[in-house]
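All remarks here apply to the structure that follows.
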Amino acid sequence: MHRVPSGQDQLLREYCVNIQVLGMHRDGVFTEYLNLPAQFVHKAECVTLDQATMVEFLAIGAHAVRRADVKPGQRVMVVGTGPIGMAAITFSRLRGATVRRSIRAKTALHSASAN
């Protein structure tokens with residue numbers, strides 16, 4: 001869990017102006033142990049720890065595709081092919097879109113010269 005809501009508004013905590021994002025507003029994103037309020041911690045049942053680590057970036061990609069209301073036959077451009085970009089590509093394709101991706105030229109040149 002990377003976002004820690006302020007606790008002041010339960011219904012709109014995602015849009016809370018007092019939200020604290022680990023690694024941005026709050027230290028601790030790479031710490032081995034993290035102290036969080038129990039209400040924001042969920043046990044990863046029925047999945048392995050490896051699978052649980054993928055939940056955040058998959059959820060962000062799925063959320064982006066849902067918000068964009070991607071439809072079958074649409075053309076989608078995804079900028080960046082990190083974990084979130086790859087999730088957006090996957091979920092766009094699952095909705096029937098044709099997907100193009102953009103990667104940084106420097107990265108592409110490095111990859112091409114390595115092969």
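What to note about this one:
- Residue satisfying all of: in the stretch 29-53; small (Gly, Ala, Ser) and under 18 Å from the mean Cα position of the chain (by Cα); modelled with the lowest pLDDT among these: 44
- Single residue of the stretch 54-104 satisfying the filter (surrounded by 13 or more Cβ atoms within 10 Å (Cβ to Cβ) and polar (S, T, N, Q)) that is farthest from residue 29 (Cα to Cα): 74
The values are calculated or read from the model by the stated rules, or taken from the named source; none is laboratory data. None of the values given here were measured: they were computed from a predicted structure. Virtual Cβ from ideal backbone geometry, glycine too; neighbours counted across all protein chains shown.
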